[in-house]
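A quick write-up on the structure given underneath.
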Amino acid sequence: MAENNKAEFENYIVFDLEWNQCPFGKERENRKLPFEIIEIGAVKLNKNKEVIDEFHRIIRPMVYKKLHFRTKEIIGMNIQTLEDGGFFYKVIKDFLLWCGENPVYSTWGSMDLMELQRNMKYYGLLELLEGPILFFDVQKLFSIAFEDGKSRKSLEYGIDHLNIQKERDFHRALSDAYYTADVLGMIDDEIINKNYSIDCYQNPKSKEEEIFAVFDRYSKNISREFKTKEDAMKDREISSTRCFLCEKNARKKIRWFSINSKNYYCIAQCPKHGYLKGKVRMKKTDEGRFYVVKTLKLTDEKEVEAIREKQEMTRRKRREKRRGGKLR
């Protein structure tokens, strides 16, 4: 996908979802479906990133049949409108058929693609959408193209920043899909192609399926599943700090350490390319197993010092916690 060029933008699908959540609080939510999709809107773009078709459906809620007050406030729909919608299993099949073969999905942020798959899994339809999925995160691309590459702003902020005319209401699926396509149309193709994202809700299940992707200044490795976090960190590929530019082992200056139960950091140094910052994010599947998203990124002395301070702060907190335990 990183090799795409403008002529390959076919079946380019920009979509947006609206969803509802349990109106009675988190303690009463369905753990398998915390967010139930109630609306889907999408536009299809040609190779010039021009809209050539649209898709829009309201979906009848089957899990949360009352609107959460926040959902009602944001989307401006009532439960009666939703009850006239189609069933999810039928709507999603129609949507995937409309998308066509080999669609390139694009969304504002990463949540919509993940929640689409979670809803499909709930209804036993996940096999219709093979993963892991390569896609374009327009929120991230906007930041790379027009800001610092790190910030993540709202869609309306992006529209205002680019002086795009506001012709539709925000927070409705089809309107937001059009706005997302508007922003995408103003981003250079080279930036888009070099900065694709990988959705790993459907994570690799075997060594052979593991993903290793190289970008301009960093690499990303998505591992297979492990029984425990400790098993994952013992894996040689996960713990290694091989430079993604020259493929030689970089010597660790700060060994892997955890600041919480989800994130691990390290610093390594490649003789040719300098410092590399390693980050491991532990991901837990719905079945309770673990897989890793590891990034190695070119960095500088300033960030090395920041990681060193983070390591020392972590050690200090643990020492204080142990002392507190002894005092009790």
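The values are calculated or read from the model by the stated rules, or taken from the named source; none is laboratory data. Quick caveat, the model's predicted, so the values are computed rather than measured. Methodologically, a virtual Cβ is constructed for each residue, glycine included, from the backbone with ideal geometry; neighbour enumeration extends over all protein chains shown.
Being outside any loop (DSSP other than H, G, I, E, B) and either over 21 Å from Val91 (Cα atoms) or polar (S, T, N, Q) (or both) is the filter here, so list the residues in region 30-50 that pass it. Let's see the steps before the verdict.
Taking region 30-50 as the starting set, the residues that turn out to be outside any loop (DSSP other than H, G, I, E, B) are 35-45.
Matches in region 30-50: none.
Within region 57-70, being among the hydrophobic types (A, V, I, L, M, F, W, C) and outside any loop (DSSP other than H, G, I, E, B) holds for Ile58, Ile59, Phe69. Does Asp286 qualify as being closer than 21 Å to Val214 by Cα, in the same structural domain as Lys253 (by TED's automatic domain parsing) and not hydroxyl-bearing (Ser, Thr, Tyr)? Answer is no for this residue. Considered as a group, the residues in region 45-83 that are surrounded by 13 or more Cβ atoms within 10 Å (Cβ to Cβ) and of a type in the set (Phe, Trp, Tyr) include one that is modelled with the lowest pLDDT, and that residue is Tyr64.
Only one of these is out of contact with any Phe, Trp or Tyr (no Cβ under 9 Å at 6 or more places or on another chain) and over 27 Å from Asn193 (Cβ atoms): Lys66, Lys72. Name it.
Working: Lys66 fails: out of contact with any Phe, Trp or Tyr (no Cβ under 9 Å at 6 or more places or on another chain).
Exactly one of Lys66, Lys72 is out of contact with any Phe, Trp or Tyr (no Cβ under 9 Å at 6 or more places or on another chain) and over 27 Å from Asn193 (Cβ atoms), namely Lys72.
Would you say Ala232 is small (Gly, Ala, Ser), surrounded by 17 or more Cβ atoms within 10 Å (Cβ to Cβ), outside the structural domain of Ile192 (by TED's automatic domain parsing) and farther than 28 Å from Lys194 by Cβ? Considered against the rule, which asks whether it is small (Gly, Ala, Ser), surrounded by 17 or more Cβ atoms within 10 Å (Cβ to Cβ), outside the structural domain of Ile192 (by TED's automatic domain parsing) and farther than 28 Å from Lys194 by Cβ, Ala232 comes out as yes.
Filtering region 286-303 to residues that are loosely packed, with under 14 Cβ neighbours inside 10 Å and out of contact with any helix residue (DSSP H, G or I) (no Cβ under 9 Å at 6 or more places or on another chain) leaves Glu287, Gly288, Asp300, Glu301, Lys302.
Conditions (1) modelled with pLDDT under 95; (2) buried (at least 16 other Cβ atoms within 10 Å of the Cβ); (3) under 26 Å from Ser197 (Cα atoms); (4) not charged (D, E, K, R), marked per residue:
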residue	(1), (2), (3), (4)
Asn249	yes, no, yes, yes
Lys252	no, yes, no, no
Ile259	yes, no, yes, yes
Lys262	yes, no, yes, no
Leu276	no, yes, yes, yes
Lys284	yes, no, yes, no
Glu305	no, no, no, no
Arg308	no, no, no, no
Met313	yes, no, no, yes
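For region 175-212, filtering for residues that are out of contact with any Leu (no Cβ under 9 Å at 6 or more places or on another chain) and touching a residue at least 40 places away in the same chain (Cβ under 8 Å) leaves 11.
If you go through region 218-229 and pick out every residue that is crowded, with 17+ Cβ neighbours inside 10 Å, polar (S, T, N, Q) and either in a helix (DSSP H, G or I) or out of contact with any Phe, Trp or Tyr (no Cβ under 6 Å at 6 or more places or on another chain) (or both), you end up with 0.
Close contacts from region 237-253, counting a first residue that is in a strand (DSSP E or B) and a second that is of a type in the set (Val, Ile, Thr), with Cβ to Cβ under 7 Å and a gap of 6+ residues or different chains, come to Asn249/Thr241; Lys252/Thr241; Lys253/Ile267.
Among what's in region 179-199 and is of a type outside the set (A, V, I, L, M) and surrounded by 20 or more Cβ atoms within 10 Å (Cβ to Cβ), pick the residue that is farthest from Met77 (Cα to Cα). Here the residue is Ser197.
Taking region 71-112 as the range and being of a type in the set (S, T, N, Q) and in a loop (DSSP other than H, G, I, E, B) as the test, the residues that pass are Asn78, Asn102, Ser110.
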